[in-house]
Amino acid sequence: MNRYIGASVERYDIATKVAGSRKYPQDFNMEGQLYAKVVWSEYAHARILAIDTKAAEQVPGVVAVFTHKDVPVNEYGIYLMDQRVLAQDKVYSVGDPVALVVAENEKVAARAAGLVKVSYEPLPVVTDVRLAMRPDAPLVHEERGTNILHHIPIRAGNIEEGFARADVIVKGSYYTPRVEHAFMQPEAGLGYIDEQGRVTVICAAQWPHDDVRQIAHALALPEEQVHEIVPAIGGAFGGREDISLQILVALAAYKLRRPVKLVYTRAESMRGHGKRHPFYMRYRTGATRDGYLTAVEVECITDAGSAASTSIPVLQNAASFLAGPYYVPHARIDAYTVYTNNILTMAMRGFGATQPPFGYELQMDKLAEALGMDPVEIRMRNLLEDGMRAVTGNIMRHGTGIKKTLEEAALAAGWRRTSAGWQKPDLGAPSAPHKRRGIGIACGYKNVGYSFGFDDKSEAHVELRLDPQGQIARVLIRIGASEVGQGVLTTLTQIAAETLDVPIEKIRLALLDTAVVPNAGSSSASRQTYMSGNAVMRACQKALEAYYEALRAEEGQDVITASYVYRAREMTPTTPYDPVTGQCEPHISYSYSTQAAIVEVDTETGEVEILRMVSSTDLGRVIHPANVFGQVAGGIHMGVGFALTEEFIQQEGQIITQSFTGYQIPTVLDMPRELIHRNVEVADPTGPFGATGLGETPTLPTAPAIIHAIHDAVGVWIDSLPATPEKVYRAMREMGKKNARRRQGG
Amino acid sequence: METLRFILNGHPVQVEDLDPSTPLARLLRDQLGLIGTKIGCGEGECGACTVIVDGKAVVSCLYPAWKVQGARVETIEGLKQGDQLHVLQQAFIEANASQCGYCSPGFIMSAKALLDAHPRPSREQIIQAIAGNLCRCTGYYQIVDAIELAARRLAGEENGTRPAEEGQGRIVP
């Protein structure tokens, strides 16, 4: 035993991917297929007066032009059904589809889409959440009477008393921008009616079973009449958790009874799916002169954009993390998410846990500076441990490994533990006289699995095929867990092989077709290793028991089957926020990360080069070391972009960054020259083999660590991301002017 | 337009009635059925569609198909010899250099063009060769390792062991 847990076995699907034979949604074609093209909203906010499709319909080769009139139930949405499949009375952002042209070939579809005439009456556009919250603001969804979609208060202890006890109080305002997932495979889908008469969609999806729920709702069909087949997925990062083009291809195929293919261009992909929420955070943090936190006050406003998507659950998550992974006796947190006419915002790696560290960690750094204390030392004095109370009133449990990640990362980055506390390393001379070196460190933590009372579950079916001697010859696992690149298929085969004690080559996973495999929940919330790992492990344990029983009975059985539905709440029940105090049992389990960044800042250009990144993550138990490193490095890639280059820009709701020229994700040249990663394994007794989750936390500390390092190098705080060279250069110049004035004055 | 004739993965191909606005990637994918060449942006910015034309890596989403008249074109499908993966493909597997995999064919073709021209590339040459290829999953370290591993194997220097220590990534040594 223990052959497979902790071993970097060959990834389940890698051989076909590197051979180029693995099929993604755009690689599927069918005899007689039609091609669809979306007509997008031209306005960020407008009333639709008329849609004239005649000219488009007359183009030879056009088969149909669909508008809202053709959609049986014109609504969908993952959390609230506040989105239209095709715009009806109004457009709420430029991301809204207004019509769908279907033609015999792509070129005709594209040309005809340009001939659909939509008459609009432009409405006042609201794009700034702070303005959108005012009582006189234009309303995005008039029927709601307010743009405030949700508010969460958290009250712990007595905030006045907390600040009264503080020897030092630090204030800060922080902004994190809208961010694009930038998965490499643009959305593509093929809809058709299968041989059983069911509406079928081939597409990339993080939660195919939930897509089916929404497709069936919009088409007014029973869910059994719809299924989704998910082949290889070219990245997701939260951006495929919601519906994108699924209902459009399903609708067209349903109406026309012919296969219909729709492939987004890169610009359409950037327009057609949501973004990471921009956060406006205002902090006030108090501490004693020994560096112990006494009080944290936060106001946080997130931009939901034009529709709810998962903005409420994202806000719920965010609120629970805003005080940071620290013991805070007195807290007052108010978190809001607000509708605007920007493109909707949705799940993205971290799900509301990625933005708060930019606030809570820079506050810790500023506190440390105000107290003349080492940044590792102040964190060590405040980090949560098992048995300590979080601001939501829950007691931390099941292996709170954050302190251990800080210790590992700090030591690996060169910090020394002395009798006087932790001490920062000497960084050596910069590579040129006009460059400055700096080091920064930051922590982050995030839930694993769905939170706040949601009934999180994953179901696995296991089938053991026995040879005539009664040995296990083959194992087939059916589970609806999407492989988005994170490696879940490999993880699940490892867990099955380990549990059954059979060679891993004998384990196969059924293709993901919602009509065939059971619901595993979404590939999000860092949850598949924990949730589906638990389901597969337990289904395998049940199958083994049945197998031994069958052997004893000697009835010559050749197939053994077993199923298991893992329900997190049976092990670790969670509860919703108290509407007044915010007290609750928020999360099933957690993953923790700490990172240190060593940077060099060019004082002549403001450019930042990351020389080294040191990372440490507590993931309970390492299942596949090479996949862990890949997830950590990929998470840091996204964190580097968040810190230095990435901002999805809209002006008055119109998109400015429509391509990878305007929206710059890091290339190999932009990555830290060196990355050192240390795993911390503080086992969660409820996880499979002690494992929790990993997909998201490595993105969390990257940006605050880099921004802290820039401050250490050149003395400026960049409180608004991304820290572009221009922003850093300007901040240095401002600081220079201020210092000159101070010198003159003194 | 005159008949387009070129050598595709070692085999002569001819295409009649080519629409002159067709980019090479679309010819390969839509007309010749080679779906291993991926389109990530259609604007030459992401490198997912990289193929080799007469020894040079090009972004086939922008490269006009008519320009391959008489040329030798290599795509990801041409690397495998029978059942045997190319040393680069094998190295990508061993170095765990592919996650979602959508960018992998493009990276492998960029790397192949490099190794064909410079069998013993420096780390810096490897990085420059893939600087036009975007990956959103891996953070690039394992990709750089894979290319270095393949280069060493092609030079007959090493087999088996991965170049980087576990838990360490290096862009430059």
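Look through region A:618-635, keep the residues that are crowded, with 24+ Cβ neighbours inside 10 Å and more than 22 Å from A:G235 (Cα to Cα), and return whichever of them is farthest from the chain's Cα centre (by Cα).
Here the residue is A:G620.
Just give me the residues in region A:181-202 being more than 14 Å from chain B (Cβ to nearest Cβ) and either open to solvent by less than 10 Å² (accessible area, probe 1.4 Å) or basic (K, R) (or both), in sequence order. Before you say what the answer is, go through the steps one by one.
Filtering region A:181-202 for residues more than 14 Å from chain B (Cβ to nearest Cβ) gives A:189, A:191-201.
Listed by number, the residues that qualify are A:G189, A:G191, A:R198, A:V199, A:T200, A:V201.
So A:Q83 ticks every box in (1) surrounded by fewer than 20 Cβ atoms within 10 Å (Cβ to Cβ); (2) touching an Asp or Glu at 6+ places or on another chain (Cβ under 8 Å); (3) not charged (D, E, K, R) but one. Which box is left unticked?
Checking A:Q83 against (1) surrounded by fewer than 20 Cβ atoms within 10 Å (Cβ to Cβ); (2) touching an Asp or Glu at 6+ places or on another chain (Cβ under 8 Å); (3) not charged (D, E, K, R), the one that fails is (1).
Could you please give the count of residues in region A:547-565 that are more than 25 Å from A:A535 (Cβ to Cβ) and assigned to a helix (DSSP H, G or I)? Before you say what the answer is, go through the steps one by one.
Start the filter on region A:547-565 by keeping residues that are more than 25 Å from A:A535 (Cβ to Cβ), which leaves A:552-556.
If we keep only those that are assigned to a helix (DSSP H, G or I) as well, we get A:552-553.
Here the count works out to 2.
Pairs only if they're at least six apart or on different chains, beta carbon under 6 angstrom, first in region A:636-652 and farther than 13 Å from A:A705 by Cα and away from every other protein chain (no Cβ under 14 Å), second open to solvent by 10 Å² or more (accessible area, probe 1.4 Å) and assigned to a loop (DSSP other than H, G, I, E, B); list them, first residue then second.
Listed by first residue and then by second, the contacts come to A:F648/A:R178; A:I649/A:I656; A:E652/A:V125.
In the list B:A146, B:A97, B:A151, which residue meets the criterion of being more than 12 Å from chain A (Cβ to nearest Cβ), modelled with pLDDT of 95 or more and over 12 Å from the mean Cα position of the chain (by Cα)?
B:A151
I'd like to check something: does region B:146-163 contain any residue that is open to solvent by 10 Å² or more (accessible area, probe 1.4 Å), touching a Cys at 6+ places or on another chain (Cβ under 9 Å) and either in contact (Cβ under 8 Å) with a residue 24 or more places away in the chain or among the basic types (K, R) (or both)?
No, because not a single residue in region B:146-163 is open to solvent by 10 Å² or more (accessible area, probe 1.4 Å), touching a Cys at 6+ places or on another chain (Cβ under 9 Å) and either in contact (Cβ under 8 Å) with a residue 24 or more places away in the chain or among the basic types (K, R) (or both).
Quick one: which strands (runs of 3 or more DSSP E) sit completely within region B:35-139 and have at least 1 residues that are open to solvent by less than 10 Å² (accessible area, probe 1.4 Å)?
B:50-53, B:72-74
Output yes when any residue across region A:51-63 is under 30 Å from A:G487 (Cβ atoms), among the hydroxyl-bearing types (S, T, Y) and surrounded by fewer than 22 Cβ atoms within 10 Å (Cβ to Cβ), and no when none is. Reasoning before the result, please.
Filtering region A:51-63 down to residues under 30 Å from A:G487 (Cβ atoms) leaves none.
No, the conditions are met nowhere in region A:51-63.
Given (1) under 30 Å from A:P666 (Cβ atoms); (2) within 14 Å of chain A (Cβ to nearest Cβ); (3) in contact (Cβ under 8 Å) with a residue 60 or more places away in the chain, identify the lone condition not met by B:C41.
(3)
Would you mind finding the one in A:V18, A:V39 that is crowded, with 22+ Cβ neighbours inside 10 Å, within 14 Å of another protein chain (Cβ to nearest Cβ) and modelled with pLDDT of 95 or more?
Values: A:V39 fails: within 14 Å of another protein chain (Cβ to nearest Cβ).
Exactly one residue qualifies, and that residue is A:V18.
Taking the residues in region A:251-302 that are of a type in the set (K, R) and buried (at least 24 other Cβ atoms within 10 Å of the Cβ) as candidates, determine which candidate is nearest to the chain's Cα centre (by Cα).
Going through the qualifying residues, I end up with A:R276.
Among the residues of region A:646-657, write down those that are within 23 Å of the chain's Cα centre (by Cα), surrounded by fewer than 19 Cβ atoms within 10 Å (Cβ to Cβ) and not aliphatic (A, V, I, L, M).
Residue satisfying the conditions is A:T657 alone.
Could you identify the single residue in A:A740, A:A723, A:A713 that is open to solvent by less than 20 Å² (accessible area, probe 1.4 Å), more than 30 Å from A:Y566 (Cβ to Cβ) and assigned to a helix (DSSP H, G or I)?
Just one listed residue meets the conditions, A:A713.
Could you check how many residues of region A:653-671 are over 27 Å from B:F92 (Cβ atoms) and within 8 Å of another protein chain (Cβ to nearest Cβ)?
Residues meeting the conditions: 2.
Of all residues in region A:385-427, which are among the β-branched types (V, I, T) and modelled with pLDDT of 95 or more? Step through it out loud before you land on a result.
Filtering region A:385-427 for residues among the β-branched types (V, I, T) gives A:391-392, A:395, A:400, A:402, A:405, A:418.
Of everything in region A:385-427, those that are among the β-branched types (V, I, T) and modelled with pLDDT of 95 or more turn out to be A:V391, A:T392, A:I395, A:I402, A:T405, A:T418.
Looking at this structure, is A:A220 crowded, with 19+ Cβ neighbours inside 10 Å and either under 30 Å from B:G40 (Cα atoms) or not assigned by TED's automatic domain parsing to the domain that holds A:S309 (or both)?
no
The values are calculated or read from the model by the stated rules, or taken from the named source; none is laboratory data. Small disclaimer: the values here were computed from a predicted structure and weren't measured. Cβ coordinates were reconstructed from backbone atoms using ideal geometry, including for glycine residues, and neighbour counts include every protein chain displayed. Just the protein is used for accessible areas: all its heavy atoms, side chains included, with ligands, DNA and RNA removed. Shrake-Rupley method; radii C 1.70, N 1.55, O 1.52, S 1.80 Å.
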